[in-house]
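Peer 1: Before we start, here is the structure in question, set down as structure tokens.
The values are calculated or read from the model by the stated rules, or taken from the named source; none is laboratory data. Here the structure is a predicted model, which is why all the values come from computation and not from measurement. Cβ: placed from backbone, ideal geometry, glycine included. Neighbour counts: every protein chain shown.
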Amino acid sequence: MSHTFTLFASVWGTTVTSDADFLYPPDLLYPHSLSPRFILTTLMSFAPSAALEAAAVLATIGSLFFYSLSALGIVNFLSYRRKQIRLPVPGDGQLPPVSILKPLRGIDPEIWESFCSHCEQDYPEFQLIFGISERNDPAAEFVRKLQTKYPKVPIALVVCERILGTNVKVSNLVQMLPAARHEILLVNDSDIRVPSDYLRRVATPLMDQSKGLVTCLYRGIPAPTFGSRLEALGISTDFIPGVLSARLLEGGLHFGLGSTLAFRRNDLQSIGGFEALLDYLADDYELGSRMAATGKRVALSTASVSTFLPAYTLRQFLSHQLRWSRTIRDARRWGYAGLLFTFGFPWALLLLLASRGAWWAWILFAAVFTMRLAVGLLSAVNVLGDRQILRDLFLLPLRDLIAPFIWIASFTGNQIQWRGETFDLKDGRLMLAKASIKPALAKPTDSADSKK
């Protein structure tokens, strides 16, 4: 029976046990009290639960709309990728040479294998430039081993001793750029592993002068810890559908992903160079946004890459999620507010509780749960080829229940922890906090931070 029926009966002092009682209440003409205080008290006792139920209904329906939009975005991208793969492949003589810039700090998981994947590209001409902030960075030893193993690949190691801004990664890029020989530049994170045709699939779109930036989707390879598995699950089933729905809704991408940022040197200079990004945390987002603002298109490559995640504990996972959430909150304020309608499973569960298990609430719950699973699997398996997701799919409800609490917590402050240091975040810019602690170089860095 609805809250409305119960409310009406309570006002009139009538106990309603059925619809028939409501239609013919025995004391309808003789209410025991219609005082203002009684009416106000009765309304207050029912309004919160009714309002909560109404809000949960709207949010659940909104979540179904979001999942439908995500599914359309995924299907649209899969169709686009099939068409692009069928296009004629440019010959080696037509492909532009590429300079790959990889800023380093400490040792990431699977760093050696990731480095080797860049040296084994089926591409006519490219160079690798690695940058470190301190000469004793342990990552430097891996670069030297790489130079020995691949003597035919031009590999340079640049020591970037100046700190030009709060984002040390971008500071390194400024100092690495003079070593780049070619017009086409490619920046990606140190923990990224790529397929052998990666450069072909990333550089080819830049032969079209209307495209200013090419970026890549990525999947997370988790360490065997609980937090790392939750992180990988979120990337494949939540983050990627969000990217593809934004691509569909906005008629293309207007941001970049740190897994791959490929662009022309001239286009970089037109937006102020790397120097313009020195104090931004989400430098990848800012680079893509500024490139799109010039009228150049941001293209999504048909290639997808892998990032090897640190062995997050649950606490570290929550800390990373909070940092990422505050970063996105500053970068895409209206889009971030709209995330409220993407928490389908929590909203549907709340609706079940608010409606006391009403049959129609169970139907909405089943619809949300089915759509959530379908979109997650479509993104993970069909878009990313991530079949390991099947092993951890049972964790999806837990991860989804955590998400709204992270979203709420993101509005409680502007301070973040990044690469072992504490920063205040304002309008996307980083300001070093007084309590900042300098990290140990040998500690694995969280390069996944810069991709999202």
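Peer 1: If the requirement is being touching a Phe, Trp or Tyr at 6+ places or on another chain (Cβ under 8 Å) and either surrounded by 22 or more Cβ atoms within 10 Å (Cβ to Cβ) or farther than 20 Å from Phe65 by Cβ (or both), which of these qualifies: Phe345, Phe308, Phe369?
Peer 2: Result of the check over Phe345, Phe308, Phe369: Phe345.
Peer 1: OK, next. Which residue is nearest to the chain's Cα centre (by Cα), if the candidates are limited to the range 236-263 and must be in a helix (DSSP H, G or I) and charged (D, E, K, R)?
Peer 2: Residue satisfying both the conditions and the ranking: Asp238.
Peer 1: Phe65 - would you say it is touching a residue at least 60 places away in the same chain (Cβ under 8 Å) and over 30 Å from Leu157 (Cβ atoms)?
Peer 2: yes
Peer 1: Restricting the search to the range 264-278, which residues are assigned to a loop (DSSP other than H, G, I, E, B), touching a Lys or Arg at 6+ places or on another chain (Cβ under 9 Å) and surrounded by 19 or more Cβ atoms within 10 Å (Cβ to Cβ)?
Peer 2: Ile271
Peer 1: Could you list, in sequence order, all residues of the range 407-417 that are in a helix (DSSP H, G or I) and surrounded by fewer than 15 Cβ atoms within 10 Å (Cβ to Cβ)?
Peer 2: Ile408, Ala409, Phe411, Thr412, listed by residue number.
Peer 1: List the residue pairs whose Cβ atoms are under 8 Å apart, where the first residue sits in the range 363-383 and is assigned by TED's automatic domain parsing to the domain that holds Leu401 and at pLDDT 95 or above, the second is in a helix (DSSP H, G or I) and acidic (Asp, Glu), and the two are 6 or more positions apart or on different chains.
Peer 2: Qualifying pairs under 8 Å: Arg372/Asp400; Gly376/Asp238.
Peer 1: I need the full set of residues from the range 264-293 which are charged (D, E, K, R), within 19 Å of Asn172 (Cβ to Cβ) and over 16 Å from the mean Cα position of the chain (by Cα), in order please.
Peer 2: Arg265, Glu275, Asp279
Peer 1: So, restricting to helices (runs of 4 or more DSSP H) that lie completely within the range 288-387, which ones have at least 2 residues that are more than 30 Å from Asp267 (Cα to Cα)?
Peer 2: 314-331, 344-354, 359-377
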